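Before any comments, here is the structure.
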Amino acid sequence: MAMSSAPTSIPAADAPASRYPLVVVTMLFFMWGLLTSLNDVLIPHLKAIYTLTYVQAMLVQFCFFGAYFIVSLPAGALIRRIGYQRGAVTGLAIAAAGCLLFYPAANSGYWLFLIAFFVLAAGITILQVAANPYVTVLGDPRTASSRLTLTQAFNSLGTTVGPYVGSVLILTGATVMTSEQIAAMTPAAQAVYRAEEAATVQGPYLVLAGALALLAVVFAMVRLPRIRHDEGHAGGGASILRHRHLVFGVVGIFLYVGAEVSIGSFLVNFFAERHIGAMDHASAGKLVAVYWLLAMIGRFIGSAVMRVVRPGLVLAFCAAMAAALVLTAILAQGTTAIVAILGVGLFNSIMFPTIFSMALHGLGDETGKGSGLLCMAIVGGAIVPFVQGAFADGIGLQPSFFVPMLCYLVILAFGLKYARLYDSA
């Protein structure tokens with residue numbers, strides 16, 4: 001495995017000194033949350049422009065989250081070599097380059113958009129590999145889940161802002177045409193229509209590129225503490241797999257990210273269904289912000305709750321509630337279905353940071369390896385939406401939500417199995 005060392009926690013006596021770096025790193029969580037949630041707005045937009053099937057539209061998430069699988073281990077090696085701070089700067093610079101690619105993509109077609117998504121996600125992957133373990137060691141190991149949940153709350157602030165801003169800047173004023181209407185156009189008219197609609201992404205992503213570049217400069221200049229690495233075992237990567245809670249945690253991260261991303265990816269089209277909300281894409285896109293807003297609220301609540309309740313039990317409860325709400329959205333119509341699927345966001349809130357920190361618990365000098373595996377598992381965001389897309393094309397969009405429901409049931413099992421994980425700490 002590429003990451004063979006682990007960051008060492010800042011001693012309790014130095015806890016006040018850890019607050020400033022925690023605030024600074026939280027800025028990263030906000031930024032990549034905003035960038036990731038913009039996909040939920042772009043997917044229906046690109047689907048309409050290029051008359052894609054659901055499977056073809058999910059190639060956006062396949063390329064975006066596929067980058068996590070490909071880049072995570074090299075990112076871990078890079079961060080071990082140059083440090084967390086320089087690693088974050090590198091990730092920001094690469095993400096900025098990905099945003100810049102959206103400008104020519106608007107004139108070149110869907111394939112260049114997919115490349116831009118991959119480059120953007122590669123930069124975010126480096127940020128993820130650096131920031132998540134960094135937060136877990138900035139204080140008492142017992143409160144790692146609470147601390148990571150709190151920073152993830154600001155990630156949710158970004159995911160809340162992203163869809164709303166994207167809907168206003170990209171979807172408002174967009175001309176949504178059916179595939180039949182586009183097919184009736186001449187090839188020249190189709191090209192003009194697609195170029196005009198795709199061009200709506202250019203301005204917003206140029207602004208994002210500038211913001212990322214500025215943030216990279218800021219991070220290069222601020223002083224952050226160096227987190228010391230303890231050298232790991234010389235043994236092969238297979239040794240890490242002896243930690244059963246890590247292996248189950250890898251599965252949990254795969255399924256959680258897959259479920260969260262899959263639901264977010266289909267929300268606009270789900271709300272547009274005639275028997276659900278019959279909304280236009282701009283209105284539906286703004287409503288997606290509620291899904292992420294509830295996740296943000298849940299993370300602030302969860303950060304406090306997990307200081308007094310075992311994280312595993314909180315995780316199991318949230319997974320059970322999420323599964324029940326998805327089932328309701330499958331069976332219901334109208335407002336009931338809308339409220340149910342939006343409510344999943346509240347219970348998604350604590351899942352990623354809780355699974356991540358539980359999976360890393362007790363790994364010692366193999367924490368780096370474990371973090372690399374967990375970040376690779378984020379590839380679930382590429383696979384699960386693709387699977388749901390195939391079912392949506394085959395059996396319909398609403399019943400296809402059984403895919404994320406099954407994911408939550410597995411996460412429920414993980415939470416129950418390791419509910420007492422921290423009792424011996």
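Points to keep in mind about this one:
- Summed over the stretch 88-121, residues that are crowded, with 23+ Cβ neighbours inside 10 Å and over 19 Å from residue 207 (Cα atoms) total 1.
- Residues in the stretch 272-281 that are outside any helix (DSSP H, G or I) and in contact (Cβ under 8 Å) with a residue 40 or more places away in the chain: 5 in all.
- Within the stretch 359-406, tally of residues that are among the small types (Gly, Ala, Ser), buried (at least 22 other Cβ atoms within 10 Å of the Cβ) and in contact with a strand residue (DSSP E or B) (Cβ under 9 Å, 6 or more places away or on another chain): 3
- Filtered by the rule that a residue be of a type in the set (A, V, I, L, M), touching a Gly at 6+ places or on another chain (Cβ under 7 Å) and in a helix (DSSP H, G or I), the stretch 58-84 gives 73, 78, 79.
- Among residues of the stretch 186-222 being aromatic (Phe, Trp, Tyr) and within 21 Å of residue 44 (Cβ to Cβ), the one that is surrounded by the fewest Cβ atoms within 10 Å (Cβ to Cβ) is 193.
- All conditions but one from (1) surrounded by 19 or more Cβ atoms within 10 Å (Cβ to Cβ); (2) at pLDDT 75 or above apply to residue 147; the one that does not is (2).
- When residues of the stretch 67-83 are limited to those that are buried (at least 22 other Cβ atoms within 10 Å of the Cβ) and under 20 Å from the mean Cα position of the chain (by Cα), the one nearest to residue 189 (Cα to Cα): 67
- Within the stretch 300-321, the set of residues being surrounded by 22 or more Cβ atoms within 10 Å (Cβ to Cβ) and closer than 24 Å to residue 267 by Cα comprises 315, 318, 319.
- All of 284, 289, 259, 304 fail the test of being in a helix (DSSP H, G or I), under 20 Å from residue 65 (Cβ atoms) and either out of contact with any Ser or Thr (no Cβ under 6 Å at 6 or more places or on another chain) or touching a residue at least 60 places away in the same chain (Cβ under 8 Å) (or both), apart from 259.
- Pair list, Cβ under 8 Å, 6 or more apart: the stretch 360-374 residue within 12 Å of residue 75 (Cβ to Cβ), other residue among the hydroxyl-bearing types (Ser, Thr, Tyr) and at pLDDT 80 or above: 372/72
Residue by residue, here is whether (1) surrounded by fewer than 17 Cβ atoms within 10 Å (Cβ to Cβ); (2) among the basic types (Lys, Arg); (3) modelled with pLDDT of 95 or more holds:
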site: 231; (1), (2), (3): yes, no, no
site: 244; (1), (2), (3): yes, yes, no
site: 298; (1), (2), (3): no, no, no
site: 323; (1), (2), (3): no, no, yes
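- Single residue of 308, 314 found to be hydrophobic (A, V, I, L, M, F, W, C) and modelled with pLDDT of 90 or more: 314
- Residue check, residue 340 touching a residue at least 24 places away in the same chain (Cβ under 8 Å) and under 27 Å from residue 33 (Cβ atoms): no
- Residues of the stretch 156-199 classified as at pLDDT 80 or above and under 15 Å from residue 291 (Cα atoms), total: 11
The values are calculated or read from the model by the stated rules, or taken from the named source; none is laboratory data. Predicted model only: the values in this text are computed from it and were never measured. Counting neighbours? That spans all protein chains shown, and the Cβs are built from the backbone with ideal geometry, glycine included.
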